[in-house]
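Here is the structure we will look at.
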Amino acid sequence: MREQRSSTDGSTAQPDQELIERVINIKRISKVMKGGKRMRISAVVVVGDGRGQVGLGHGKALEVAAAVRKAGVRARKDMARVAIKGSTIPHETEGKHGASKVLVKPAAPGTGLIACPQVRAVLEAVGLRDALSKAYGSRNHYNTARATITALTRLRTIEQVAAARNKPISHFVEMRGEGESAESHAGQESD
């Protein structure tokens, strides 16, 4: 008796819960063969759950739909967890992939996403609504999206840092408070 498969990638996993899928780039590519050029389609897709998980996939096929499907399957297999804080990120971060470099900064609520299309697609898939970003170097679609994911996976919340350093959370909150109060006292003394 044959086993039923629930998805097109051959896995028997449960169907995907509400995933956000965005096509970043579709282009026609050619491979030069002895008999001439062989045309194919290349697609880059980002997939996220809108609650802190994101993945990036690249697929090639003879048709657009097949290339997008392959890229989506690869993106689902390559999901990474991202630390988010409300509608933004906990702190500034930077990521690099190839010649692309992306800087992502937290923003105040209501700011929106200020980013190039590739970075915006990744940030939306993660579930962020307020963030600032700047892309440096190469603007290659895949490298820029991968650099954004690298930057986001480097994020750590105060709780994660406290656990890693074996210190109470209050230690980090006090440090942050002391720095602000020291600056405000210095401003008052100079008056």
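No value in this document is a laboratory result; all are computed from the given coordinates. All of these numbers come straight from a predicted model, not from anything done at the bench.
Couplings 3J(HN,Hα) for the range 64-73, derived from phi with the Karplus relation 6.51 cos²θ - 1.76 cosθ + 1.60 (θ = phi - 60°), are 4, 4, 5, 5, 5, 5, 4, 5, x, 5 Hz, where x marks Gly and Pro. For the set Lys37/Lys96; Lys27/Lys77; Lys37/Lys60; Lys34/Lys60; Lys85/Lys167; Lys31/Lys70, the pairs lying more than 25 angstrom apart at their alpha carbons are Lys37/Lys96. Note that the range 20-80, at 10 °C in a medium of 1.306 mPa s, gets a Stokes-Einstein diffusion coefficient of 133 µm²/s from its Kirkwood radius over C-alpha pairs. Secondary structure note: in the range 84-159, about 85% of the DSSP beta bridges are antiparallel. With θ taken as phi - 60° and the Karplus curve 6.51 cos²θ - 1.76 cosθ + 1.60 applied, the whole-hertz 3J(HN,Hα) list for the range 84-97 is 10, 10, x, 9, 9, 9, x, 7, 5, 8, 9, x, 9, 8 Hz, x standing for glycine and proline.
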